[in-house]
């Protein structure tokens, strides 16, 4: 657009010049043309400024320190003090306080955060499916630090960790290690209360074809020995009386003798009265015949009727619990 000149007429108020509206339109158009051709000054361009003025301005701005928490910058000391006081009184928004937020905005924010699902091993959360796949792939390749490998640790940090672990003393009978003196005293007291006699009265733990034993009350290290040898060496006799007797947990690993002159019955109980793996030997030493019967719900393999009769006096049967309410009988019976 070119420059537009205002027609002033031949004489004042003779009606031959531009009216006020037309003259104003030309003025606006001329300014629009002027400003469209002007480059405003920026950090890279001088605009209407001379190169010297632009250089002066750049130098001045370089020396200007912006206000920070420690410096007033271009602010006066009084204004900086007022700003610091105002910021001190402003409470930032937290989980429990709205701070400068309105109660409505705080409620909206809490609702939004409640609905946000964080990324987990199975969920992408706010991550895109592509980024989740990349993260999973990266984590798959990450080797965690172990005794032999530094993993993501630097070699120096791995050496420091190894040295620190080397200096850590584990708790033993004589040393507390990382335990507090109080906890060490409690542990010592608890171990002192355990005796070989007490252990001998407990059902013998069975591991496969072996049983767990302890040498003495001073040596509580568990050892495995063959079940057969253990049973022959440590079988304890328990004399039971009465015409009817039901096995108890105390009979596990023992020989139960029945010395009645008349007929008598030994019942295998249902449930967990005796642990799986328990072995009970029942021997008839009296003149009265001894019958072994299974309680309701108990299966004795090889005995369809659920009962067996010991063949004769001084004979017996070995009962072995192999599962919940499931037993095997072997010996002299009919």
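Grab the beta carbon distance between residue 55 and residue 19, set R0 = 51 Å, and tell me the FRET efficiency rounded to 0.05. Write down the numbers at each step before the final one.
On the way: r = 48 Å, r/R0 = 0.94.
After rounding to 0.05, the efficiency reads 0.60.
Nearest-5 percent of antiparallel DSSP beta bridges in the chain?
DSSP beta bridges in the chain are roughly 55 percent antiparallel.
How much of the calculated P(r) for the chain lies past 27 Å, in percent of all Cα pairs?
Beyond 27 Å sits 78 percent of the P(r) for the chain.
Per 0.36 nm of contour for each residue apart, how much would the distance between residue 134 and residue 183 grow if the chain were fully extended, relative to their Cα-Cα spacing?
Additional length available on full extension: 13.0 nm.
Give the whole-number value, in cubic angstrom per residue, of the convex hull volume spanned by the C-alpha atoms of segment 1-96.
307 Å³
For the pair residue 141 and residue 108, what calculated FRET efficiency results from E = 1/(1 + (r/R0)^6), where r is the Cβ-Cβ distance and R0 = 41 Å, to the nearest 0.05?
After rounding to 0.05, the efficiency reads 0.55.
What does the convex hull of the alpha-carbon atoms of segment 263-317 project to on average, in nm²?
On the way: hull surface 16.0 nm².
Over all viewing directions, segment 263-317 projects a mean Cα-hull area of 4.0 nm².
Taking Cα pairs under 8 Å and at least six residues apart, what relative contact order does segment 1-157 come out at, in percent?
Reported as a whole number, the value is 7 percent.
Given contacts defined as C-alpha pairs under 8 Å and at least six residues apart, what's the relative contact order of the chain, whole-number percent?
Result for the chain is 6 percent.
Please give the length that would be gained between residue 156 and residue 33 if that part of the chain were fully extended, namely 0.36 nm times their separation in residues minus their C-alpha to C-alpha distance (nm, one decimal).
Separation in residues times 0.36 nm, less the Cα-Cα distance, equals 37.4 nm.
Compute the distance from the alpha-carbon center of segment 245-293 to that of segment 34-110, in whole Å.
Cα centres, segment 245-293 to segment 34-110: 94 Å.
Just rank 327, 320, 314, fewest to most, by other beta-carbon atoms within 10 angstrom.
Sorted ascending by nearby Cβ count, the order is 314, 320, 327.
Using the reciprocal of the averaged 1/r over all distinct C-alpha pairs, how large is the Kirkwood radius of segment 235-331 in Å?
13.0 Å
Gain in length, residue 285 to residue 75, computed as 0.36 nm per residue apart minus the alpha-carbon separation, to one decimal in nm?
Stretched out fully, the residue 285 to residue 75 stretch lengthens by 64.6 nm.
Would you mind calculating the relative contact order of segment 235-331 from Cα pairs under 8 angstrom and at least 6 residues apart, reporting the percent as a whole number?
Value for segment 235-331: 26 percent.
Between residue 238 and residue 309, what is the FRET efficiency for a Förster distance of 25 Å, r being their Cβ-Cβ separation, to the nearest 0.05?
0.75
FYI, it's all coordinate maths here, none of it is from the lab. Not measured: the values here are computed from a predicted model. Glycine gets a Cβ as well: all are built from the backbone with ideal geometry, and neighbour counts include every protein chain shown.
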